[in-house]
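Q: Sharing a structure with you now.
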Amino acid sequence: ETHFGFQTVTEAERREKIYKVFESVAKKYDVMNDSMTLGIHRVWKDILVHKMNPSPGTLLLDVAGGTGDIAFRFINYVRSVRERQLQQKLKHHQNLSWQEISESYQEDKSKSLGDSQVVVCDINKEMLKVGKQKAQHLGYSEGLSWVLGNAEELPFDDDKFDVYTIAFGIRNVTRIDLALQEAYRVLKPGGRFLCLEFSHVSNPLLSRLYDLYSFQVIPVLGEVIAGDWKSYQYLVESIRRFPPQEEFKAMIEDAGFFKVDYQNLNLGIVAIHSGFKL
Amino acid sequence: MLRGSGRGVTAVLRRWASGGGQGQGQGQGQGSGSGSGSGSGSSSARPQPLEPSLLRFLVCPLSKRPLRYEEATNELINEELGIAYPIIDGIPNMIPEAARMTRKNPPAEGSKQP
């Protein structure tokens, strides 16, 4: 027995309903994100990747990564860090021969990401399809791969990844405890868990405005833009059902993570939780 | 997404994976002869191969044991449990319910085991 938004359903029903929600919204997912959050979701995701501060050579597992927003930002970030690294290197080598200079340029081209890699894992075929198309369209190919998998039962070996991210996805997982355990398992010792998710607003005035906006505006946007009121009704209900910051922090600690902390964005509308596997 | 027989089969597989193999029969449903595998809307053209770097990380989600890439059928095979995960449009489908049972003939395939 579990919940689907404000309804009570069995676990199996919940999984199926959630699958159908994302199957239905996949093609309009990005457009809806922009409309609902007035583009602010982009800033939240930027903040997440900046907090991650990945260096070239980092292995990222982005779970529930569907349309690729975090993956693309990760690639952009390590690419620019890498460029700066190479520029610094060249600055120190002032007496190079022509041979050495041309060799260094060739090296640049083949390692523009410096061996960084991101694996995007999602349970929903449609979301992955949209993500892959987006990647092709935007020109992302190196260091990026896609896997259809379940966050509660990851098809990855132990101690493999430097960072595990899940952005606006863990709310839709049916057994959050299992997903957290799997996150712990696949991270290398020293690896970092980062979760970006809608959370709870404690400020009473903002809370009232936020509720008003969520329940009056968002489903209407969903109907007008994506032709799907119910999916967006589910979305706003699922946000209310998700545990608040401190409770979620405790769940992450239960999975074995250390130095668990969270950072509220926009007064708690969104929070980034972070933990380390030591 | 969830196949009727697949669910029952998956439950059996989970028990094997956690409790150690009992060498029981491979059960109902798909035989190995059906070359189409899961055949869920796969492209009519040549199937897209898997990103090679992925093989470093991928394991069977049930048993967490290594997989073998079978180029002929474009699948990832778990020899121990006798299941094959399809690769569709270059994306490996690692959901246990979608996996296909492989019926193995001991003399022929047994020799292929690494």
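Q: What does the charge dipole of segment A:19-81 about its Cα centre add up to, to the nearest 20 debye, if the Cβ of each Lys and Arg holds +1 and the Cβ of each Asp and Glu holds -1?
A: 20
Q: Specify the inter-centroid distance of segment A:145-185 and segment A:238-261, based on alpha-carbon positions, in whole Å.
A: Taking the Cα centre of each part, segment A:145-185 and segment A:238-261 sit 15 Å apart.
Q: As a check on your grasp of the helix formula, calculate [θ] at 222 nm for chain A: sum -39500 (n - 2.57) over DSSP H runs of n ≥ 4, divide by the residue count, round to the nearest 500.
A: Computed mean residue ellipticity for chain A: -15000 deg cm²/dmol.
Q: Treating only the Cβ atoms of Lys and Arg (+1) and Asp and Glu (-1) as charged, compute the dipole magnitude of chain A about its Cα centre; round to the nearest 20 debye.
A: 600
Q: Now a separate question. If you average over every viewing direction, what projected area does the convex hull of the Cα atoms of segment A:8-72 give, in nm²?
A: 6.0
Q: Can you return the lysines within cross-link range of A:Lys160? Criterion is Cα-Cα under 18 Å, with same-chain partners fewer than 8 residues away left out.
A: List returned: A:Lys188, A:Lys277, B:Lys64.
Q: Related question: So for A:Ser145, A:Ser199, A:Ser102, B:Ser63, fewest C-beta neighbours within 10 Å to most, what's the order?
A: A:Ser102, B:Ser63, A:Ser145, A:Ser199
Q: Cα to Cα, under 18 Å, and not fewer than 8 places away if on the same chain: which lysines meet these conditions relative to A:Lys129?
A: A:Lys20, A:Lys27, A:Lys28
Q: Same structure again: With the Cα gyration tensor of chain A in hand, give its eigenvalues times 5 under a square root as the equivalent ellipsoid semi-axes, listed largest first in whole angstrom.
A: Square roots of five times the eigenvalues give 36, 21, 18 Å.
Q: Give the Rg (one decimal place) followed by the Dmax (whole number) of segment A:196-278, computed from C-alpha coordinates and expressed in Å.
A: Every Cα atom of segment A:196-278 included, Rg and Dmax give 15.0, 47 Å.
Q: Okay, moving on. Sorting A:Trp44, A:Trp98, A:Trp146 on the 10 Å Cβ count, fewest up front, what's the list?
A: A:Trp98, A:Trp44, A:Trp146
Q: Count, for each residue of A:114-127, the Cβ atoms from other chains sitting within 10 Å of its Cβ, then give me the mean as a whole number.
A: The mean count of partner-chain Cβ atoms within 10 Å per residue comes to 2.
Q: Continuing with the same structure: Can you tell me the Rg and Dmax of segment A:85-220, counting just the alpha carbons, in angstroms?
A: Cα radius of gyration and Dmax of segment A:85-220 are 21.6, 67 Å respectively.
Q: Separate question: Give me A:Leu221, A:Leu209, A:Leu59, B:Leu76 sorted ascending by neighbouring Cβ count inside 10 Å, so fewest comes first.
A: Ranked by crowding around the Cβ, least crowded first: A:Leu209, A:Leu221, A:Leu59, B:Leu76.
Q: Using the Cα centre of chain A as origin and beta-carbon charges of +1 (Lys, Arg) and -1 (Asp, Glu), tell me which of A:Gly149, A:Ile252, A:Leu113 is placed farthest towards the positive end of the dipole.
A: Looking along the dipole axis, the top candidate is A:Leu113.
Every read-out reported here was derived from the displayed coordinates using simple, explicitly stated rules and does not represent laboratory data. Model, not experiment: these values are computed from the prediction. Note that each Cβ is placed from the backbone with ideal geometry, even for glycine, and that neighbours are counted across all protein chains shown.
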